[in-house]
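What follows is a single structure, written as structure tokens, with notes after it.
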Amino acid sequence: MQLQIALSLALAALSPVAANPVAPRQSSPKVYLAGDSTMAKTNAPLMGWGEYLSKYLTIPVVNKAISGRSARSFTNEGRFTEIEKLLVANDIVVIAFGHNDGGSPNSASDNGRSDCPGTGSEVCKSGKTGETVYTFNYYMEQAARKFIAKGAKVVISSQTTKNLWQNGQWSGGAAPPRFVEYARNAAKNVGGSSVSFVDHYQSVVRTYAKLGSAAVNAFYPQDYTHTSLAGADVVAQAFVQAVSRDLNGTTALKPYLKNPVPTVW
Ligand SMILES: *[C@@H]1O[C@H](CO)[C@@H](O)[C@H](O)[C@H]1NC(C)=O
């Protein structure tokens, strides 16, 4: 009897807590990342910047980026669809491709990654498999629209830079790869308030200009594309600063920045 009373008292004490709407933040959005090796979890001494993003956000980050992928191969392997299935309303997806998207799919040695040249509804045929290949913009915009249809917000990011201090020579003044502008146009073409663009490329240019040759070269232990762990952290900080400064418009990530926001440029 006494036990029963104690139990019901305990339950009564518990239930208001469970019903309290401010208790656990189950409705906190998640951030999903779609991209290539420059964003992915890779192996030391290399690392992608996506692994450091959660350091600077108040919400969890799920890094679905994977090495070697392009907008085309990420689509064909069902990786955008996998993210789409996980999304609930107000989740945020950051999409960044470009490093593996160049080249032509028409050749007999089509690598399965090159998009069809152009920025619209052009189609190509893979010289290897006969697959119909679409443009970078087609793949990016199709993914963004599907995510938005699930109630998510989409942040289309330009790709990262390469080492802009190769051999001590500054190359940050050169025109960015064409996929930077394509990414901006992808966000514009999708349109509406659920999609935004952030020029991560430009943000890294500013960061590397400020850091100088020695510091930046130390971020590239193997090649000119893939960063070290320390480099990945700085590239993540450049992304976060771009978001905090609304570099190319306000993104859905802005309310979730941790204070203080890093300043790298
Ligand atoms: C993003 O905004 C910055 C700052 O205004 C600008 O320099 C850059 O060109 C923009 N990026 C694109 C792709 O328009």
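The residue that is nearest to the ligand (Cβ to nearest atom), among those in region 149-163 that are surrounded by 22 or more Cβ atoms within 10 Å (Cβ to Cβ) and part of a loop (DSSP other than H, G, I, E, B), is 158. Summed over region 66-120, residues that are touching a Lys or Arg at 6+ places or on another chain (Cβ under 8 Å), outside any helix (DSSP H, G or I) and crowded, with 17+ Cβ neighbours inside 10 Å total 16. All conditions in (1) open to solvent by less than 70 Å² (accessible area, probe 1.4 Å); (2) in a loop (DSSP other than H, G, I, E, B); (3) out of contact with any Leu (no Cβ under 9 Å at 6 or more places or on another chain) hold for residue 207, with the sole exception of (2). Suppose we keep only residues that are free of Cβ contacts under 8 Å to residues at least 40 places away in the same chain and assigned to a helix (DSSP H, G or I) within region 215-230. Which one would you say is nearest to residue 257 (Cα to Cα)? It comes out as 230. Can you find a residue that is hydrophobic (A, V, I, L, M, F, W, C) and in contact with a strand residue (DSSP E or B) (Cβ under 6 Å, 6 or more places away or on another chain) anywhere in region 101-113? Checking region 101-113: not a single residue is hydrophobic (A, V, I, L, M, F, W, C) and in contact with a strand residue (DSSP E or B) (Cβ under 6 Å, 6 or more places away or on another chain).
With respect to the stated conditions, residue 171 is farther than 20 Å from residue 100 by Cβ, without any contact (Cβ under 8 Å) to a residue 12 or more places away in the chain and open to solvent by 40 Å² or more (accessible area, probe 1.4 Å).
Condition test on residue 88, is it at pLDDT 95 or above and out of contact with any Pro (no Cβ under 7 Å at 6 or more places or on another chain)? Spelling it out, residue 88 is indeed at pLDDT 95 or above and out of contact with any Pro (no Cβ under 7 Å at 6 or more places or on another chain). Applying the criterion of being without any contact (Cβ under 8 Å) to a residue 60 or more places away in the chain, among the polar types (S, T, N, Q) and within 18 Å of residue 93 (Cα to Cα) to the residues of region 242-265, the residue that is surrounded by the fewest Cβ atoms within 10 Å (Cβ to Cβ) is 250.
Does any residue of region 139-156 turn out to be under 22 Å from residue 116 (Cα atoms), at pLDDT 95 or above and among the β-branched types (Val, Ile, Thr)? Yes: one or more hits.
Looking only at region 186-204, residues that are in a helix (DSSP H, G or I) and open to solvent by less than 20 Å² (accessible area, probe 1.4 Å) come to 5 in all. Give the residues of region 192-236 that are within 16 Å of the ligand (Cβ to nearest atom), closer than 27 Å to residue 140 by Cα and not hydroxyl-bearing (Ser, Thr, Tyr), sorted by residue number. Hits for region 192-236 are 195, 197, 198, 199, 200, 202, 204, 205, 206.
The values are calculated or read from the model by the stated rules, or taken from the named source; none is laboratory data. Here the structure is a predicted model, which is why all the values come from computation and not from measurement. Cβ: placed from backbone, ideal geometry, glycine included. Neighbour counts: every protein chain shown. The protein model used for the area step is the full one, side chains on, heavy atoms only, and it has no ligands, DNA or RNA in it. Shrake-Rupley method; radii C 1.70, N 1.55, O 1.52, S 1.80 Å.
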